[in-house]
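S.K.: Below is a structure I'd like to ask you about.
The values are calculated or read from the model by the stated rules, or taken from the named source; none is laboratory data. None of the values given here were measured: they were computed from a predicted structure. Note that we place each Cβ from the backbone using ideal geometry, even for glycine, and neighbour counts take in every protein chain shown.
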Amino acid sequence: MPRGDAERIDDVLAAIADIRADIAGLDFAAFAGNAKTVRSVLYSIGVIGEAVGKLSPGLLARHPKIPWRAIAGIRNRVVHEYFRVSPRRIWEAIADDLETLERVMRAEKAET
């Protein structure tokens, strides 16, 4: 059975919850110094990127200010260029972008 927007939204929200749990109580130094936590967060970011890349064009169009292409693209970087991923950049993306993405996904979930 194909997965639709509702399932993809759930995937994104679950991955965001995992990231929040993984980094709870950590500052950047503690995050960057824990390879297991970094790998876990990178996996969740990969899930987010994959799910976002499969959302319907209509959903994406309703939120033009969200950088959908960049979110999907980070998945490719994590998977294909893992050796170039910067823990600092990942930390900044979490701090700068996760809340907005979560808010949009929750709003979309409420509509489904």
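S.K.: Can you go through ILE48, ILE23, ILE19 and tell me which one is among the aliphatic types (A, V, I, L, M), farther than 19 Å from GLU108 by Cβ and modelled with pLDDT of 95 or more?
M.R.: The match here is ILE23.
S.K.: Something else: Are there any pairs, at least 6 apart or on different chains, whose C-beta atoms fall under 6 Å, with the first in segment 1-25 and in contact (Cβ under 8 Å) with a residue 60 or more places away in the chain and the second surrounded by fewer than 15 Cβ atoms within 10 Å (Cβ to Cβ), and if so, which?
M.R.: Pairs found: ASP5/SER56; ALA6/THR112; ILE9/LYS109.
S.K.: Look through GLU50, GLU81, GLU102, GLU92 and report the one residue that is exposed (fewer than 13 other Cβ atoms within 10 Å of the Cβ) and either closer than 22 Å to ILE23 by Cα or under 11 Å from the mean Cα position of the chain (by Cα) (or both).
M.R.: Within the list GLU50, GLU81, GLU102, GLU92, the selection yields GLU92.
S.K.: Related question: Sort out which residues of segment 48-75 are in contact with a Lys or Arg (Cβ under 8 Å, 6 or more places away or on another chain) and among the aliphatic types (A, V, I, L, M), and write them in order of number.
M.R.: Passing the criteria: ILE48, ALA51, VAL52, LEU55.
S.K.: Is there a residue being surrounded by fewer than 16 Cβ atoms within 10 Å (Cβ to Cβ), modelled with pLDDT of 95 or more and not small (Gly, Ala, Ser) anywhere in segment 5-14?
M.R.: Yes, segment 5-14 contains a residue that is surrounded by fewer than 16 Cβ atoms within 10 Å (Cβ to Cβ), modelled with pLDDT of 95 or more and not small (Gly, Ala, Ser).
S.K.: Which residues, taken from segment 72-99, are outside any helix (DSSP H, G or I) and modelled with pLDDT of 90 or more?
M.R.: VAL85, SER86
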